[in-house]
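Trainee: Below you will find the structure I want to go over with you.
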Amino acid sequence: MAHLLEVRWLWRRIFTYAATALNSAGIASVIWRLSDAGALKWIGLALVGANVALATLYLAGATVTDWAKLAAAARKAEP
């Protein structure tokens with residue numbers, strides 16, 4: 001049986017790596033131009049939060065696919 005691309009993690013991997021690289025490049029350009037320590041603290045925390053969100057999406061994608069299959073099977077089985 002052919003596996004879906006999402007289950008093989010290919011597209012999630014490409015999306016996560018590209019988004020992390022763009023996120024890091026954007027933050028690096030802001031840090032390069034900014035000298036306010038308070039603002040840098042919040043930007044750093046935002047970067048950590050964004051990377052946590054990306055990692056969660058990367059790892060949870062297969063589980064969400066499985067949940068969708070279970071929900072579809074449950075709807076089919078209802079009388």
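Trainee: All but one of (1) at pLDDT 80 or above; (2) assigned to a helix (DSSP H, G or I); (3) loosely packed, with under 11 Cβ neighbours inside 10 Å hold for SER35; state the number of the condition that does not hold.
Mentor: Exception for SER35: condition (2).
Trainee: Would you please name the residue that is farthest from the chain's Cα centre (by Cα), looking only at residues in region 38-52 that are open to solvent by less than 50 Å² (accessible area, probe 1.4 Å) and of a type in the set (Gly, Ala, Ser)?
Mentor: In this case the residue turns out to be GLY38.
Trainee: Determine whether region 57-72 contains at least one residue that is open to solvent by 70 Å² or more (accessible area, probe 1.4 Å), within 12 Å of the chain's Cα centre (by Cα) and at pLDDT 80 or above.
Mentor: Filtering region 57-72 for residues open to solvent by 70 Å² or more (accessible area, probe 1.4 Å) gives 57, 59, 64, 66-67, 69-70.
Filter once more, keeping what is within 12 Å of the chain's Cα centre (by Cα): 57, 59.
From what's left, at pLDDT 80 or above: none.
No, there is no match, as no residue in region 57-72 is open to solvent by 70 Å² or more (accessible area, probe 1.4 Å), within 12 Å of the chain's Cα centre (by Cα) and at pLDDT 80 or above.
The values are calculated or read from the model by the stated rules, or taken from the named source; none is laboratory data. Values in this document were obtained by computation on a predicted structure and should not be read as measured data. Please note: Cβ atoms are built from the backbone with ideal geometry, for glycine as well, and neighbour counts cover all protein chains shown. SASA here: full protein model, heavy atoms, side chains in, ligands and nucleic acids out. Shrake-Rupley method; radii C 1.70, N 1.55, O 1.52, S 1.80 Å.
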